[in-house]
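Okay, so here's the structure we're looking at.
The values are calculated or read from the model by the stated rules, or taken from the named source; none is laboratory data. None of these values were measured; they are calculated from a predicted model. Note that we place each Cβ from the backbone using ideal geometry, even for glycine, and neighbour counts take in every protein chain shown.
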Amino acid sequence: MTLPEKDKENLRKPVCYDPAKKKFITIEEIASGKENVIPVDTLAEADFKKLVIERQRVGPDYKVQAISGPPFSRDDVIKAIEQDEPFGRMTLEAEKSYLRDFLSKIQQNQK
């Protein structure tokens, strides 16, 4: 199966979460056929938050900054998500949009 382009530094990041198995799923597990795509729109809000937080934890360290305000470290972003702060909610929406598109490309390539 041909997969969409994926940054090698981010291969450890899960792209799905299976709430029935309580398991994060990586792109490699999908590519190998061991796991299936779980669309992000099917996840409960709490499960989607788990997925996004795990994606932040296992990815490379980074700093991000909105147009106004202080820079956020990876741990700051995780805290903002956990505490339902505005920056955390924006992160969740950005991740949902990215994962929705990315997983759609994977499913198109599986056909």
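Before moving on, here are some points about what is shown:
- Test: residue in the range 1-8 that is surrounded by 13 or more Cβ atoms within 10 Å (Cβ to Cβ), at pLDDT 95 or above, closer than 23 Å to Gln108 by Cα and not acidic (Asp, Glu): no
- Pairing residues of the range 55-76 that are among the aliphatic types (A, V, I, L, M) with residues that are surrounded by fewer than 12 Cβ atoms within 10 Å (Cβ to Cβ), at Cβ distances under 8 Å and at least 6 apart in sequence or on separate chains, gives Val64/Pro71.
- Residues (closer than 19 Å to Met90 by Cβ and in contact with a strand residue (DSSP E or B) (Cβ under 9 Å, 6 or more places away or on another chain)) located in the range 53-72: Glu54, Arg55, Tyr62, Lys63, Val64, Gln65, Ala66, Pro71, Phe72
- Beta carbons closer than 9 Å, at least 6 apart along the sequence or on distinct chains, pair a first residue in the range 26-44 that is touching a residue at least 24 places away in the same chain (Cβ under 8 Å) with a second that is in a loop (DSSP other than H, G, I, E, B) and β-branched (Val, Ile, Thr) for Ile30/Val37.
- Top-ranked residue in the range 83-111 [being acidic (Asp, Glu) and within 15 Å of the chain's Cα centre (by Cα); ranked as surrounded by the most Cβ atoms within 10 Å (Cβ to Cβ)]: Glu95
- Looking only at the range 60-106, residues that are in contact with a helix residue (DSSP H, G or I) (Cβ under 6 Å, 6 or more places away or on another chain) and acidic (Asp, Glu) come to 2 in all.
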